[in-house]
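*Asks:* One structure, as C-alpha cells, below. Some questions next.
The values are calculated or read from the model by the stated rules, or taken from the named source; none is laboratory data. In this text, all values refer to a predicted model and were calculated from it rather than measured experimentally. Ideal geometry is used to build each Cβ from the backbone, glycine not excepted, and the neighbour counts take in all protein chains shown. Surface areas here come from the heavy atoms of the whole protein model, side chains and all, with no ligands, DNA or RNA. Shrake-Rupley method; radii C 1.70, N 1.55, O 1.52, S 1.80 Å.
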Amino acid sequence: MKVIILTSRHQGTPVIHAKELLNSNDIEIVSVIYNQGVITNKFKFYKKKIKKILKIGIFGTMIGFVMRSWFGKKTISYLDSTSIFELCSINKIPIYNVPSISSKETIKLFKEQKPDLAISLGNGYISSTVFELPKFGMINIHHEELPNYQNASSVIWQLYNKSSFSGYTIHKINKFIDKGDILYQERIKLTFKNKLSETVAFNYAKLIEKSSIGLKILLENYEEYKNNSIKQDKGNSYTTPSILEYFQIKKNHKSLKNHN
C-alpha cells in the first residue's frame, strides 16, 4: 500500500508512526507533507479563537497554554526526539513543506503522487478537496476513545470522568471532526504519576507508541478492517477545560492515583 503522511508536527507522533511503517514490507511511504501553519483566513481564525475564549473563560485559556507543554515537550521527553525532517533524510523519504493543510500545494502533491491512502497525524480540520483525493480516502489517528471523546485532548477528560482508562481510535476522515467510521481501536489502562502533567504526558506518549503499532496492523490488513468498519453513534465533544473543570481533573487525578 502506498501512503502519504500529512502532519502539522515535526516531532512526536509523525516520527513514531513513520518509523513503525518503515518496518513493513507491505507499506510504502510515498512522501511526508509538512503543514507550516500559515493562517489563510485571519478573520475566521480569530473569530473561532474569540468564541472559544468566551466559552472557557480567561483562566481556561491560560490553562490551555500551560497544557500545551504537557502534550508537547513533556510528551516528547518520553519519545524519540528525532524530527520528521531528520527521519525522512535518513530514510530517503521525500518531504514537502506546504503553507496550510488544505492548500493548493497540498492538493497538487496528492494529485501528482496518487497514494492509495493518506494518513493525518496531528492536524486540524482537513477539507474534502484533500481527503477525498486518495484511492481509499484519508484516515486520522485520534488519541482517545471514540465516539465518547470526540475532539478531546488525550487523558484529561477521561480523568474528569473518573476513568482509569484511555485509548486511541483510527478512523476514516469525513467532513465532521472525529466522526468518521471507526477502523481500529485499542484501550489502555492509565499509569499514574505523582503530578497530573506527568500522568498526561506519559500516557499520551504511550498512546502514540501503541497507535503506531495499531496503524501498521491496520494498513497491512486494510481491506479486512475497511469492510468491518463501524459507524459512530452520537458521541461527546470536548474542548479545553474551564478553570472549574481543571480543578475537578486535578482532584480526580489525586483520587484515582491513590486507588491505582
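Table: residues versus (1) within 17 Å of the chain's Cα centre (by Cα); (2) surrounded by 12 or more Cβ atoms within 10 Å (Cβ to Cβ).
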{"residue": "20", "(1), (2)": "yes, yes"}
{"residue": "24", "(1), (2)": "no, yes"}
{"residue": "44", "(1), (2)": "no, no"}
{"residue": "55", "(1), (2)": "no, yes"}
{"residue": "93", "(1), (2)": "no, yes"}
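*Asks:* So which residues in segment 238-258 are open to solvent by 90 Å² or more (accessible area, probe 1.4 Å) and either over 17 Å from residue 200 (Cα atoms) or touching a strand residue (DSSP E or B) at 6+ places or on another chain (Cβ under 9 Å) (or both)?
*Replies:* Hit for segment 238-258 is 244, nothing else.
*Asks:* Say we look at segment 72-95 and pick out the residues that are among the small types (Gly, Ala, Ser) and not in a loop (DSSP other than H, G, I, E, B); which of these is nearest to residue 209 (Cα to Cα)?
*Replies:* Filtering first and then ranking leaves 72.
*Asks:* Of these, 198, 224, which one is surrounded by fewer than 17 Cβ atoms within 10 Å (Cβ to Cβ), charged (D, E, K, R), without any contact (Cβ under 8 Å) to a residue 24 or more places away in the chain and assigned to a helix (DSSP H, G or I)?
*Replies:* Just one listed residue meets the conditions, 224.
*Asks:* Exactly one of these conditions fails for residue 181: (1) in contact with a helix residue (DSSP H, G or I) (Cβ under 9 Å, 6 or more places away or on another chain); (2) closer than 24 Å to residue 11 by Cα; (3) open to solvent by 30 Å² or more (accessible area, probe 1.4 Å). Give me its number.
*Replies:* The failed condition is (2).
*Asks:* Which of the following residues is surrounded by 11 or more Cβ atoms within 10 Å (Cβ to Cβ), acidic (Asp, Glu) and assigned to a helix (DSSP H, G or I): 105, 112? First the steps, then the outcome.
*Replies:* Values: 112 fails: surrounded by 11 or more Cβ atoms within 10 Å (Cβ to Cβ).
One residue alone meets the criteria, 105.
*Asks:* Could you list, in sequence order, all residues of segment 115-124 that are of a type in the set (Gly, Ala, Ser) and either assigned to a helix (DSSP H, G or I) or at pLDDT 95 or above (or both)?
*Replies:* Hits for segment 115-124 are 118, 120.
*Asks:* Continuing with the same structure: Return the pairs, sorted by first residue and then second, in which the second residue is among the acidic types (Asp, Glu), the first residue lies in segment 48-73 and is more than 19 Å from residue 244 (Cβ to Cβ), the beta carbons are less than 8 Å apart, and the residues are 6+ apart or on different chains.
*Replies:* Short answer, once both residue conditions are applied: none.
*Asks:* Can you pull out every residue in segment 201-217 that is touching a Lys or Arg at 6+ places or on another chain (Cβ under 9 Å) and either under 26 Å from residue 176 (Cβ atoms) or open to solvent by 60 Å² or more (accessible area, probe 1.4 Å) (or both)?
*Replies:* Correct list: 204, 212.
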